[in-house]
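Accompanying notes for the structure given below.
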Amino acid sequence: MVSLVPKSPCADLLPLAIAETTVSEVVPEAITLVAPFKGKKKTVSDALKAEVGVGFPAPGRMTGKQDARCIWVGPEQALVIGPAVSPDGAAVTDQSDGFAVIQITGPMAANALARLTPIDLRRDHFKPGHTARTLLNHMTCSITRLGAASFEILVFRSMAKTAVHELTEALKLLEGRAKLS
Amino acid sequence: MRITCPYCGERDIREFTYRGHALAIARPAPDAGEAAWDDYLHLRDNPAGATQDLWHHGPCGAWVIVDRDTVTHEVAGSKAVAEVKR
Amino acid sequence: MRLDRSGGDVAPSLSFTFDGETVRARKGETVAAALLANDIRLVGRSFKYHRPRGIWSAGPEEPNALITLGRGAAQTPNQRATVQEVYEGLEVSSQNRWPSLKTDLLSVNDLAAPFLGAGFYYKTFMWPRAFWERVYEPVIRRAAGLGALSGAPDQEPYEKAYAHCDLLVIGSGPSGLMAALVAARAGSDVIVAEQDHALGGRLLAEVEEIDGAPAADWVAAAVAELEAAPNVRVMSRTTVTGVYDQGTYGAIERTAMHVADPGAAPRQTFWRIVAKASILASGAIERGIAFANNDRPGVMAAGAVRAYANRWGVSPGKSVTVFANNDDAHRTARDLAAAGVTVAAVIDPRADAQAIGDYPLFSGAQVTGTTGRLGLTDITIRDASGKDQSVWTDCLAVSGGWNPSVHLTCHMNGRPVWNEDLAAFVPAPDAVPGLFPAGSADGAQSTADCLRTGAEAAIAALEALGQTTEAPALPKAENGFTGHTPFWLVPGKKRAWLDMANDVTVKDVKLAAQENFASVEHMKRYTTQGMAPDQGKNSNVAALAILADATGRTIPQTGTTTFRPPFAPVPLSAMGAGARGKGFAPERFTTSHTATEDLGAPFVEAGLWYRPSYYPRAGETTWRQSCDREVQMVRNAVGVADVSTLGKIDIQGPDAAALLDFVYTNMFSTLKVGKVRYGLMLREDGHVMDDGTTARLGETHYVMTTTTAAAGQVMQHLDFVLQALRPDWDVRIASATEQWAQFAVAGPKARALLDVVLDGPIDWAAWPFMSCGNIGVAGVPGRLFRISFSGEEGFEVAVPARYGEALYRLLLSQASVLGGGPYGMEALNVLRIEKGFITHSEIHGRVTAFDIGMERMISAKKDCIGKTMAARPGLLDPARERLVGLKPTGAVKELTAGAHLFNMGAEAVRLEDQGYITSVCYSPTLGSFLGLGFLKSGPDRIGETVQMVDHLRGVKTEVEVCNPVFFDPEGGRMRG
Ligand SMILES: [Zn+2]
């Protein structure tokens, strides 16, 4: 019997490091889109807490931590990143293979993103645990701040190469700029 | 230009798509008659001043009604279509 | 010449070239300062008359000293010598001269000046009309010009970036610095944007004291405080170029234009800055006075002359004269005299003018002319008694007063207002929401006033942001030199220049008025005043004053033209930074991309996706050979194609069926679990939006398939229906396109191939046509759909995308055993045309369900989007252009997509048009070209022969109208 060998979205692309800033791929156990049905948000949030210990997030927020986290991605929609979940009362869609999950960490991380996304990334406005549905240049994405100098970016799997290209170009220019003075 | 998505907050115009006047959310009944349907689909005022736009916030999927002034470009406010229709 | 100043000044340490000649310079100097230090006054030729021109200003408003940097692909034309910093090895070239700056043959234009006045081109190059483009324009373009691009793509890196702040301070002179300090101390998040490399503005150019110490000390302390503040971001070499709605500002940063080896750094960065409020502290620009031959190299702005002396230790002349109507300009005489430069005369038209130093003052006097072929040598002074005398001078410092830099306040339609006391336009109140003008940009005339208004503007801006701030103690500063009397021109017959950048004279403006181009907007376009690279920064107000005088109106009655963005030129390469090549648009790749590349398949773009066109094999030399083989392979064995690019929308919830019934014309609530149905989706205007199959996976769970092109549009449409039309429905939708890698397996041996790949054994009787379900695929949980877009027995097998590449390679290796293999978009297209299946070539936005013969798919039992409007009589007229199949029957056995159809014997003109062809292919199955198209009353004309004419490609033939399903019309093959 043949078996199929899995391949992650950024398998041929990451990791890389430019200007002391690293770009790496995260391959979570599962990514599950959870969309509570009408009036079920509380039920679903409780179910998620019971299942993986994270509640359903408010708009623009992440709940949980690295091993199990839940990020808001739209009205009544959140992605659970970590163990697979199947709470009652919600439309549950497996998206484990739908996204490239890219983390960028280091001194140039925020500056690189400021080349690509129009959102306000200032630390007082976009704190660790904040997440935004926005653009990464021309691509729709989610950006979540994990730490002072660490962000997680989700783009559609098919655009992984372009996302890595954009981040690489931004970092190269920043590295060049840093060498000026 | 900046528009506030009721879910995501104030964002740059490039995250939105303009989708005409907000009256598009008031779909006539199937038997409302030719005039009502013609009005709904084709006829739009062209005000110098206050107007209500329909915008789609692509990144989160929200349809948004934006109160805007065509003369001053002031954006007075916005609300989620889903909330208005509720 | 360089001044011998005590202290600080270092010897020139670097060299650059100007038109090939080596020039020695000091680090931190502008090209203009270095040229003047080396007594180079002639730097360019004027736009129209090719007059010798020199440096006028010391800032970005420079009208004359436009230069080209570098050579070849990276050459950057039209840079300002007064802005560009020198660096070792910099190559600078002058512009608009041939063969050289000193001997410019086109300066004959100057001799023809009597004929070349305003409106000359409009009046002269009228006839013959055919000469407009072929003769006149090329000749005029060659003669009148600026620097040129190389014509080769610029490979230098540029950058775009976003920044956000509470308060944007535009400019860093005394008012900008003071505003920034107040806001910074209040804890506000501040960006200071300064076009120069150093902060300080005019304070760097003046001899002044603040709080009893040199102004430079105060600047240094302020800058140190700002740079140390964590809430302040100082952006030097950054010019704010535009103001846009809701506090968005455009700015251009000359990031690496000042270094010899920029490496990987961006040459320039285009910033979009979002600020809750801003302080406009952009200063003021000195204006000239119009008098005969006031454009010679050596005639300069008075403020610029002392800026060169005070800031860079350079005197633009050995014997300097000053011609000014204001006290401020007397500082030029004072400062240069103090630096040991001869000040030969100060000419002030005001009878009561007072000297502020030891220099000869001619009060009540005027400068009536100048001499000097390639640079100023003498001026003629007419003294108060009317007597003329000639004075030797190589630099005449001119000042007609200062114009506040109101430009940014006009970007949102604000009109500046005339201030009679200042004889200048000042910003209109609230011209830009959230923008607070301060300092000389707002009409302040002294350093003390600038500091005060800077602080006040910051307090007002912070208050607008909801923050109360104490007024700071203001530093003690200079409060004099404010006297002035408006004085625009010295009357005379000779040419007196207003707009040096575009060679517009006083006479041109008067001519415009005389020929009734009396509106300021007409005058501007007739004379081109204000339309040069400096955008009238130097000349607008003077031109307006002269137009007002010529038309007997006041300046406010005459009005002013609008300043539009950008305030300073922004290279397109910066605006479009990162958008070339791979940055132009995202590329979407399927999981089979690498394997497909390995097979040498050329790709075709489908939206953002890259899909294989065909898979060439050894011996195949044309795409048609590969395509024909692939079609036959599917018809006779089995073919595999990646169909993951089709949109997949997961629909769940109690009202999922209701949603589908509403967005599709046909019923989905009646579809049984485990079944798939073709659906047609209309726009509300009754025309077809998209089509595709939808599978019912569970009682309240469907998966909708959209076409590749319309996936985003359909998702947005469903969002609209659920949020705006039926928010009462309990349904959740999600794009699942990227989760699944999905492959079509089609052909008589499709089952045989799947038998090897699927976790078996499979009971194929349980998988009839249009069934679906979960299934194990080589040990992985997948989905199987029995659907066909080829007309053969077909399946689509889906696995989570991580397994896509592996499954694709497995399918191909197993297919080859069965005589099958991959097929590309070309073969896919042939297969579907043979079956008469439509794509967006047919449902192109202007066709109805009726037009494609699917009107019966609009269910009578329910409402759906588009149903009401699709029933309009005009959309159900049998005479409409309707879908038909077409086959060539004439001498030419070819069809072309886009060709039009005409009745036999009719002339192939628009009025006779009967329809058009949307899709064509060569069918190896039927041995003929086949086409789909739309023909008036089409289905009623089966069997008829019409003409096909393709005017574009010059193809003409006769075609037979047929049923659009050419192959296996009963569908026996696909049902199996
Ligand atoms: Zn949003």
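General remarks:
- Failed condition for C:T708, given (1) in a loop (DSSP other than H, G, I, E, B); (2) within 9 Å of another protein chain (Cβ to nearest Cβ); (3) not hydrophobic (A, V, I, L, M, F, W, C): (2)
- Residue selected from segment A:63-78 under the condition away from chain B (no Cβ under 14 Å) and not in a strand (DSSP E or B), by the criterion farthest from the ligand (Cβ to nearest atom): A:D67
- Of all residues in segment B:76-86, those satisfying the criterion of being surrounded by 19 or more Cβ atoms within 10 Å (Cβ to Cβ) and either away from the ligand (no atom under 15 Å from the Cβ) or closer than 18 Å to A:G60 by Cβ (or both) are B:S78, B:A80, B:A82.
- Candidates in segment A:108-143 are the residues that are among the small types (G, A, S) and under 20 Å from A:P57 (Cα atoms); of these, the one that is farthest from the ligand (Cβ to nearest atom) is A:G129.
- In the set (1) within 28 Å of A:A35 (Cα to Cα); (2) of a type in the set (A, V, I, L, M); (3) away from the ligand (no atom under 16 Å from the Cβ); (4) out of contact with any Phe, Trp or Tyr (no Cβ under 9 Å at 6 or more places or on another chain), the condition left unmet by B:A26 is number (4).
- In a residue-by-residue description of segment C:785-797, the property of being in contact with a Lys or Arg (Cβ under 9 Å, 6 or more places away or on another chain), of a type in the set (S, T, Y) and in a helix (DSSP H, G or I) applies to no position.
- Any hit, segment A:130-151, residues being within 8 Å of chain C (Cβ to nearest Cβ), among the charged types (D, E, K, R) and in contact (Cβ under 8 Å) with a residue 40 or more places away in the chain: no
- Here A:V34 fulfils each of the conditions (1) within 9 Å of chain C (Cβ to nearest Cβ); (2) in contact with a helix residue (DSSP H, G or I) (Cβ under 9 Å, 6 or more places away or on another chain); (3) crowded, with 21+ Cβ neighbours inside 10 Å apart from (1).
- Only listed residue being of a type in the set (D, E, K, R) and in a helix (DSSP H, G or I), chosen from C:K493, C:K507: C:K507
- Subset of segment C:427-442 (residues that are surrounded by fewer than 22 Cβ atoms within 10 Å (Cβ to Cβ) and in contact with a Pro (Cβ under 7 Å, 6 or more places away or on another chain)): C:A428
- Looking across C:A73, C:A33, one residue alone is touching a Phe, Trp or Tyr at 6+ places or on another chain (Cβ under 7 Å), under 25 Å from C:I252 (Cβ atoms) and either in a helix (DSSP H, G or I) or polar (S, T, N, Q) (or both). It is C:A33.
- Strands (runs of 3 or more DSSP E) wholly inside segment A:113-168 that include at least 2 residues being under 12 Å from the mean Cα position of the chain (by Cα) and surrounded by fewer than 24 Cβ atoms within 10 Å (Cβ to Cβ): A:139-147, A:150-156
- Those strands (runs of 3 or more DSSP E) lying entirely in segment C:239-351 with at least 2 residues charged (D, E, K, R) and more than 25 Å from C:D388 (Cβ to Cβ): C:269-280
- Whichever residue in segment C:637-660 is part of a loop (DSSP other than H, G, I, E, B) and touching a Leu at 6+ places or on another chain (Cβ under 6 Å) and, among such residues, is farthest from C:G804 (Cα to Cα): C:A637
- Positions within segment B:49-64 being away from the ligand (no atom under 16 Å from the Cβ) and either within 17 Å of C:D719 (Cβ to Cβ) or touching a His at 6+ places or on another chain (Cβ under 9 Å) (or both), in sequence order: B:T51, B:Q52
- Failed criterion for C:T925 (all others in (1) touching a strand residue (DSSP E or B) at 6+ places or on another chain (Cβ under 9 Å); (2) closer than 30 Å to C:Q632 by Cβ; (3) part of a loop (DSSP other than H, G, I, E, B); (4) of a type outside the set (D, E) hold): (1)
- Restricting segment C:959-976 to residues that are of a type in the set (D, E, K, R) and loosely packed, with under 15 Cβ neighbours inside 10 Å, the residue that is modelled with the highest pLDDT: C:E970
- Test: B:V71 is more than 10 Å from the ligand (Cβ to nearest atom), of a type in the set (A, V, I, L, M, F, W, C) and assigned to a loop (DSSP other than H, G, I, E, B): yes
- C:R564 passes every criterion in (1) more than 30 Å from C:G414 (Cβ to Cβ); (2) away from every other protein chain (no Cβ under 13 Å); (3) not aliphatic (A, V, I, L, M) apart from (1).
- Per-region count, segment C:711-738, residues surrounded by 21 or more Cβ atoms within 10 Å (Cβ to Cβ), of a type outside the set (D, E, K, R) and part of a loop (DSSP other than H, G, I, E, B): 3
- Checked across segment B:36-48, the condition of being surrounded by 13 or more Cβ atoms within 10 Å (Cβ to Cβ), farther than 24 Å from C:T868 by Cβ, more than 16 Å from the ligand (Cβ to nearest atom) and modelled with pLDDT of 95 or more holds for no residue.
The values are calculated or read from the model by the stated rules, or taken from the named source; none is laboratory data. Note that the structure is a prediction, hence the values are computed from the model and not measured. Every residue, glycine as well, gets a Cβ built from its backbone with ideal geometry; the counts of neighbours run over all protein chains shown.
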